[in-house]
Each structure stands twice: as C-alpha cells, then as structure tokens.
1. Take region 1-52 and flag every residue that is in contact with a strand residue (DSSP E or B) (Cβ under 7 Å, 6 or more places away or on another chain) and exposed (fewer than 13 other Cβ atoms within 10 Å of the Cβ).
2. Would you please name the residue that is farthest from residue 88 (Cα to Cα), looking only at residues in region 158-174 that are in contact with a strand residue (DSSP E or B) (Cβ under 9 Å, 6 or more places away or on another chain) and either assigned by TED's automatic domain parsing to the domain that holds residue 110 or in a loop (DSSP other than H, G, I, E, B) (or both)?
3. Any residue in region 178-191 that is at positive phi sitting within a Cβ distance under 9 Å of a residue that is outside any strand (DSSP E or B)? List the pairs, counting only those 6 or more apart or interchain.
4. Looking at region 12-29, can you tell me whether even one residue there is within 22 Å of residue 147 (Cα to Cα) and not in a strand (DSSP E or B)?
5. For residues that are free of Cβ contacts under 8 Å to residues at least 24 places away in the same chain and either exposed (fewer than 13 other Cβ atoms within 10 Å of the Cβ) or touching a helix residue (DSSP H, G or I) at 6+ places or on another chain (Cβ under 7 Å) (or both), scanning just region 129-163, find the one that is nearest to residue 182 (Cα to Cα).
6. Sort out for me the strands (runs of 3 or more DSSP E) sitting completely within region 57-128 that have 3 or more residues that are at pLDDT below 95 and buried (at least 18 other Cβ atoms within 10 Å of the Cβ).
7. Take the residues in region 170-185 that are crowded, with 17+ Cβ neighbours inside 10 Å and within 20 Å of the chain's Cα centre (by Cα); name whichever of them is modelled with the lowest pLDDT.
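The values are calculated or read from the model by the stated rules, or taken from the named source; none is laboratory data. Bear in mind the structure is a predicted one, so any value in this text is a computation, not a measurement. A quick note on method: Cβ atoms are made from the backbone with ideal geometry, for glycine too, and the neighbour counts reach across all protein chains shown.
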C-alpha cells in the first residue's frame with residue numbers, strides 16, 4: 001500500500017470559463033487512453049455567482065457543501081434541491097442540466113467525479129475525535145481530505161501527518177485487505193474509489 005500526502009501548493013487552480021468561480025483540482029486519475037479523460041477526479045469549487053454547471057457526459061458526480069450559506073440546484077425538471085447545511089451532499093449525473101443559485105454569497109464545495117461503468121465512488125464527511133479505522137480493499141483508492149484539524153495516518157509501519165487543507169492519497173494496489181489508522185482531531189472528507197462491477 002502507498003500513502004502520499006498532497007499539499008495545497010500541489011493543487012491546480014483554474015478559473016471557470018463562464019467566470020462564475022474557481023476549480024481547485026486536488027487529484028485525478030486518467031483513463032488508460034488519456035484522450036478519454038479521467039477515471040476519477042476530486043476538486044474544490046469556489047462558486048461566486050449564479051449560473052449553470054458544466055456538462056460532464058458519462059460522469060457520476062457528488063457535491064458537498066463545505067463553507068458558505070448554501071446553494072439551490074435545479075436538476076433537470078426535478079424540484080429545486082437546497083444545500084444549506086455543512087457537509088450536505090447531492091448526487092447527480094454529469095449530463096444532467098444543472099442550474100445553481102447562491103443563497104447568500106459565495107460558497108465552497110467538495111466535488112467528486114467518477115466515470116460511469118468504470119469506477120464508482122463513496123463519499124463521507126466525518127468528525128475525527130481520537131481514532132478512526134479505514135479498511136482498504138484490494139484495488140481501492142482512498143482520498144482523505146483534512147477539512148479542519150490535524151491527524152497522523154498509519155498503515156503498517158508507515159506513518160504520515162496531515163493538517164488542514166492537505167489530502168492523503170491511499171493506493172492499495174492489488175494486495176490483500178489492509179487497515180489504515182487515523183488519529184487526531186478535526187473534520188475529514190473521505191472518498192473511496194473502487195472498480196464498478198460489470
């Protein structure tokens with residue numbers, strides 16, 4: 001198993017084409033043919049104004065509110081979906097027509113994308129008070145984003161530390177099930193990527 005800490009200085013920040021906000025890419029994994037795009041991507045979106053979301057055909061998306069008063073999403077013809085509680089989450093397809101309205105000022109949101117039929121994602125936000133265990137299955141990739149606080153992360157004899165804004169990338173390879181121990185205090189966003197069953 002490989003553990004790697006990603007620091008904010010390594011993240012890639014880009015302005016949206018419609019000038020309505022910023023995307024800070026934390027990490028991504030390309031398809032075997034890079035021309036096909038990414039298998040998965042994790043980023044933080046800073047939404048500064050109302051407007052439509054970009055379309056990502058063939059992608060499953062999860063969005064969590066991290067900071068700000070909140071947003072209201074119009075997804076296709078469904079009733080508006082309001083995210084006004086921290087870590088509240090919504091799931092939608094990348095090809096859905098999504099309109100976004102700010103409730104009262106800019107927001108910061110955690111954005112997870114997974115290519116449909118190739119890889120699936122599970123997303124959880126959790127408080128960290130002491131010790132947390134994560135069991136990593138063969139073929140899994142985990143991202144553990146330290147939203148607030150600090151933690152030590154241990155797998156076997158290897159230990160790394162993460163502070164606010166940093167992200168731990170855990171790549172299991174194809175070995176047996178392994179245990180990751182997280183110790184500290186704060187708040188985490190955990191993302192598990194795993195192969196989609198055919």
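1. Residues satisfying the conditions are 2, 4, 12, 13, 14, 15, 18, 50, 52.
2. Just the residues of region 158-174 that are in contact with a strand residue (DSSP E or B) (Cβ under 9 Å, 6 or more places away or on another chain), to begin with: 158-173.
From what is left, the residues that are either assigned by TED's automatic domain parsing to the domain that holds residue 110 or in a loop (DSSP other than H, G, I, E, B) (or both) are 164-166, 172-173.
On the way: 164: 20, 165: 19, 166: 21, 172: 28, 173: 31 Å.
In this case the residue turns out to be 173.
3. If the second residue must be outside any strand (DSSP E or B), the pairs left are 186/164.
4. No, region 12-29 has no match at all.
5. Within region 129-163, the match that is nearest to residue 182 (Cα to Cα) is 159.
6. Details: elements: 59-67, 71-75, 81-83, 89-93, 98-102, 107-115.
Output list is empty.
7. Residues of region 170-185 that are crowded, with 17+ Cβ neighbours inside 10 Å, as a first pass: 170, 172, 178, 180, 182, 184.
In the following step, the residues that additionally are within 20 Å of the chain's Cα centre (by Cα) were identified as 170, 172, 180, 182.
On the way: 170: 92, 172: 81, 180: 92, 182: 96.
The residue in question is 172.
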